[in-house]
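Engineer: Dropping a structure here in structure tokens format, bear with me for questions.
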Amino acid sequence: MTLALYVPVASPVHRAPAGLKLALLTGLGAGLFLIERLDVVVGALVAVAVVALAAARLPLRALVAQVRPVWPWLAVLLVFHLVVTDWRTGTLAVTRLLALVLAAAVVTATTRVTALVAVVEWLVRPLGVFGVRPARVGLVIAMTLRFVPLIAERAQRIREAQAARGATGMRLGMLVPLLVQVLRLAATLGEALDARGADAPVSPRDRRAGAPAP
Amino acid sequence: MRWGRRGAEVTAAADLPRTALELQNVSHAYGDRPVLHDVTLTLGESRVGVVGANGSGKSTFARLLNGLVVPSAGTVLVDGLDTRTQLREVRRRVGFVFQDPDAQIVHPTVAEDVEFGLTNLGVPADERARRVEDMLARYGLAGHHDHPAHLLSGGQKQLLAIAGVLVMQPQRVVFDEPTTLLDLANTRRVARVIDELEQHVVVVTHHLDLLTGFDRVLVFEDGRVAADGAPAETLRWYVDRLS
Ligand SMILES: Nc1ncnc2c1ncn2[C@@H]1O[C@H](COP(=O)(O)OP(=O)(O)OP(=O)(O)O)[C@@H](O)[C@H]1O
Ligand SMILES: [Mg+2]
């Protein structure tokens, strides 16, 4: 499992500014949910797929991997609509979500995390007046992307260790060793952040000027 | 200008010559549990090794050296800088590598993680890029620029963690069991990396082979320095004591 899905190939989509890509993604999301016409939504899905494969030169495999986790939900959604409404509404809802998931996949696969984080830092900058430190927000996002797969992997390892000793399925007992590991990880992580200077925020002006950290 | 003035102080501290790590009557307790007892040491050597049983206080000692732990009593001086009052300067001077690389890699991909410390230092973007590439090439990670960090092998992760510290160009580096989670080949690789460092290093380890070429080895026992001297004698003393 990985959340850092950047696929390093050279393409115009990769080179496009992260802010633009996020803005288009947001616009697409809003547009898809306002439009009720199936042909337009299907058109959008096809367009996103073309951008992904042709313009961004992403391997089909990477896209499939991104969409795979949402298949069951899409299936449930479709069945729900078939029962409650009709097939047309169901297809519309599923196509919409699929187009959006795919578009989000294109953005994450073509944009480095640092670039995405920079956009978020820029967006939260006005919150600075309330004492929010944009660099901190950015760090939290980057660390989430880093540690979610790591913790998932540790959980998997504990499950295997317990299975090797005869336990079956998901058990509550798994949570205790996992919690211990996560707490230990967090303690070292806090020290590592200190040791690597994360407690020394440099103002954006000084950062540009290349001033040493205080 | 607040930042500028403090920045100037740090720059001045960075120019200080490497003299010694000094512990003066240092004791430390976690809560009411004493861990180090009145340790006094002057370490001027470029290669210092630390060995000892589990719980003997090695990691606590290592953490004292860059101010991750401030002693309950006594003073720790790094090239004359007091870890209690000049913490920022000390942290910039002394890099720290932990046992578990997973806990010190904070960014999802390789190059971004190496860049992290430089961003914290306020290094401009073009210089950051140059220094990151240099580090990745030196540690055999150049082909893994945008690779997710958690897909690296254990050895590569530890090299990444080391690169993330060295890119900040500290004067000294403290390693706390850098090879404990590694296989033999990667242990040798990390040993060679440490060996080639221009920096002064302190290495805490259970891999006694790592310390053969060192200038000085300390043996910790129940929070005290039980033996101190050239590696050959000290390590022999330590091994004999176990048998
Ligand atoms: N943060 C802490 N809080 C409370 N007690 C601690 C803490 N860190 C270490 N200790 C205790 O202090 C003692 C010395 O720990 P330290 O980590 O310095 O030993 P060590 O020599 O590094 O051992 P090891 O070889 O197992 O790494 C141990 O008994 C440990 O349980
Ligand atoms: Mg230890």
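Engineer: Within the accessible area of chain A, what % is carbon and sulfur when the probe is 1.4 Å and the other protein chains stay in place? Don't skip to the answer; put the middle values down first.
Structural biologist: Details: 8720 of 12140 Å².
Carbon and sulfur: 72 percent of the exposed surface of chain A.
Engineer: Restricting to DSSP loop positions (anything but H, G, I, E, B) with no more than 13 other Cβ atoms inside 10 Å of their own Cβ, which chymotrypsin sites (Phe, Trp or Tyr not before Pro) remain in region B:43-142? Don't jump to the answer; show the numbers that get you there.
Structural biologist: On the way: sites: B:F61, B:F96, B:F98, B:F116, B:Y139; in loops: B:F98, B:Y139.
Filter output for region B:43-142: empty list.
Engineer: Within 13 Å, Cβ to Cβ, of B:V225, how many net charges do the neighbouring residues add up to if Lys/Arg are +1 and Asp/Glu are -1?
Structural biologist: Values: positive: B:K58, B:R216, B:R224; negative: B:D38, B:E221, B:D222, B:D228.
Local net charge: -1.
Engineer: Looking at region A:1-63, which trypsin sites (Lys or Arg not before Pro) are in a loop (DSSP not H, G, I, E or B) and have at most 15 other Cβ atoms within 10 Å? Let's see the in-between values first.
Structural biologist: Values: sites: A:R15, A:K21, A:R37, A:R57, A:R61; in loops: A:R37, A:R57.
The qualifying sites are A:R37, A:R57.
Engineer: Only Lys, Arg, Asp and Glu count, each charged at its Cβ (+1, +1, -1, -1), so figure out the dipole size of region A:129-199 about its Cα centre, rounded to 20 debye.
Structural biologist: Once rounded to the nearest 20, the dipole reads 200 debye.
Engineer: As a test of the formula, what do you get for chain B when each DSSP H run with n ≥ 4 contributes -39,500 (n - 2.57) and the sum is divided by the residue count, at 222 nm and rounded to the nearest 500 deg cm²/dmol? Show your work: numbers first, answer last.
Structural biologist: Working: 8 runs with 91 residues, N = 243.
Only helices count here, giving -11500 deg cm²/dmol.
Engineer: Mind listing the long-range amide H neighbours of B:F175? Cut-off is under 5 Å, sequence gap 5 or more, other chains count too, H placed in the peptide plane at 1.01 Å from N.
Structural biologist: Long-range HN contacts for B:F175: B:V97, B:V202, B:V203, B:V204.
Engineer: Ok, one more. Going by amide H atoms built from the backbone, whose H comes under 5 Å of the H on B:T212, apart from near neighbours?
Structural biologist: Answer set, sorted by chain and number: none.
Engineer: Taking the simple approach of a point 7 Å from Cα along Cα-to-Cβ for both A:A10 and B:R188, what is their distance in nm?
Structural biologist: Going from the A:A10 label point to the B:R188 one covers 3.8 nm.
Engineer: When the dipole is taken about the Cα centre of chain B, and only Lys, Arg (+1) and Asp, Glu (-1) are charged at their Cβ, what size is it in debye, to the nearest 20?
Structural biologist: Working: 26 positive and 32 negative charges, 81 e Å.
That gives a dipole near 400 debye.
Engineer: Taking all pairs of distinct Cα atoms, average 1/r, flip it, and tell me the Kirkwood hydrodynamic radius of the protein assembly as shown in Å to one decimal place. Kindly include the intermediate steps, with their values, before the conclusion.
Structural biologist: Values: mean 1/r = 0.0403 Å⁻¹.
Value: 24.8 Å, from the Cα pair sum.
Engineer: Ratio of alpha-carbon Rg to the 2.2 N^0.38 Å globular estimate for chain B, to two decimals, please. Walk me through the intermediate numbers first.
Structural biologist: Values: Rg = 18.1 Å, N = 243, 2.2 N^0.38 = 17.7 Å.
Cα-based Rg divided by the globular estimate yields 1.02.
Engineer: For region A:129-199, max minus min Cα coordinate along each principal axis, in Å, sorted largest first?
Structural biologist: Computed over the Cα atoms, the extents are 54, 23, 16 Å.
Engineer: Still on this structure, please answer the following. Return the Cα extents of chain A along principal axes one, two and three, sorted largest first, each rounded to a whole Å.
Structural biologist: 60, 57, 36
The values are calculated or read from the model by the stated rules, or taken from the named source; none is laboratory data. Please read these numbers as outputs of a predicted model, since none were measured by experiment. Ideal geometry is used to build each Cβ from the backbone, glycine not excepted, and the neighbour counts take in all protein chains shown. Heavy atoms of the whole protein, side chains included, go into the accessibility calculation; ligands, DNA and RNA do not. Shrake-Rupley method; radii C 1.70, N 1.55, O 1.52, S 1.80 Å.
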